[in-house]
Amino acid sequence: MSQLINPAMGLFRLPPEAALPVILASIRKDGLLLFAEPNTVSLLSPVQILTGVYLAGVLLPCLVTALTIAREQSFKFALGLMVRQATAAICFALVLAWGGRLLWAV
């Protein structure tokens with residue numbers, strides 16, 4: 001799965017090494033800890049760390065939350081919520097990645 005999203009990491013100005021933390025944190029939030037690994041954190045600028053942690057942390061809700069919403073409301077409602085959340089997360093992460101780079105350069 002990491003190989004599949006490596007090209008997408010470029011959209012967020014993240015190196016391929018950020019793919020694994022993003023994937024794992026989207027499944028289980030403690031995957032965010034992978035951003036603190038010495039081999040990962042040494043490759044990233046502060047803006048890249050912020051972008052990666054934000055993207056990984058809010059791209060998808062935790063599975064338990066999504067399943068609870070689906071059970072309480074409906075699968076269609078939960079899916080719609082997840083799509084809206086992922087869309088907003090991607091858009092704001094792009095703003096962080098590209099806008100943060102411009103601010104950092106100033």
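The values are calculated or read from the model by the stated rules, or taken from the named source; none is laboratory data. Here the structure is a predicted model, which means the values were calculated and not measured. A quick note on method: Cβ atoms are made from the backbone with ideal geometry, for glycine too, and the neighbour counts reach across all protein chains shown. These area figures cover heavy atoms from the full protein model, side chains too; ligands, DNA and RNA do not enter into them. Shrake-Rupley method; radii C 1.70, N 1.55, O 1.52, S 1.80 Å.
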Checklist outcome for this item: Filtering segment 5-53 for residues that are assigned to a helix (DSSP H, G or I) and among the aromatic types (F, W, Y) leaves a count of 1
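Looking only at residues in segment 20-42 that are of a type in the set (S, T, N, Q) and without any contact (Cβ under 8 Å) to a residue 24 or more places away in the chain, which one is surrounded by the most Cβ atoms within 10 Å (Cβ to Cβ)? Step through it out loud before you land on a result.
As a first pass, look at segment 20-42 and keep what is of a type in the set (S, T, N, Q): 26, 39-40, 42.
Retained after the next criterion (residues that are without any contact (Cβ under 8 Å) to a residue 24 or more places away in the chain): 39-40, 42.
Working: N39: 8, T40: 18, S42: 8.
So the residue we want is T40.
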Item to check | Among (1) open to solvent by less than 40 Å² (accessible area, probe 1.4 Å); (2) not polar (S, T, N, Q); (3) not in a loop (DSSP other than H, G, I, E, B) - the single one M82 does not satisfy | outcome: (1)
Checklist outcome for this item: Taking segment 6-19 and keeping only residues that are buried (at least 17 other Cβ atoms within 10 Å of the Cβ) and either under 15 Å from A97 (Cβ atoms) or of a type in the set (A, V, I, L, M, F, W, C) (or both), one is left with M9, F12, R13, L14, A18, A19
Next on the checklist: Looking at segment 37-60 only, could you name the residues that are within 15 Å of A25 (Cα to Cα), over 11 Å from the mean Cα position of the chain (by Cα) and of a type outside the set (V, I, T)?
Outcome noted: E37
Next on the checklist: Can you tell me how many residues within segment 54-74 are open to solvent by 50 Å² or more (accessible area, probe 1.4 Å), at pLDDT 85 or above and either outside any helix (DSSP H, G or I) or of a type in the set (A, V, I, L, M, F, W, C) (or both)?
Outcome noted: 2
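Somewhere in segment 46-61, is a residue over 17 Å from V95 (Cα atoms), without any contact (Cβ under 8 Å) to a residue 12 or more places away in the chain and not β-branched (V, I, T)? Explain how you work it out, then say what you get.
From segment 46-61, those over 17 Å from V95 (Cα atoms) are 60-61; that's our starting set.
Filter once more, keeping what is without any contact (Cβ under 8 Å) to a residue 12 or more places away in the chain: none.
Taking every residue of segment 46-61 in turn, none turns out to be over 17 Å from V95 (Cα atoms), without any contact (Cβ under 8 Å) to a residue 12 or more places away in the chain and not β-branched (V, I, T).
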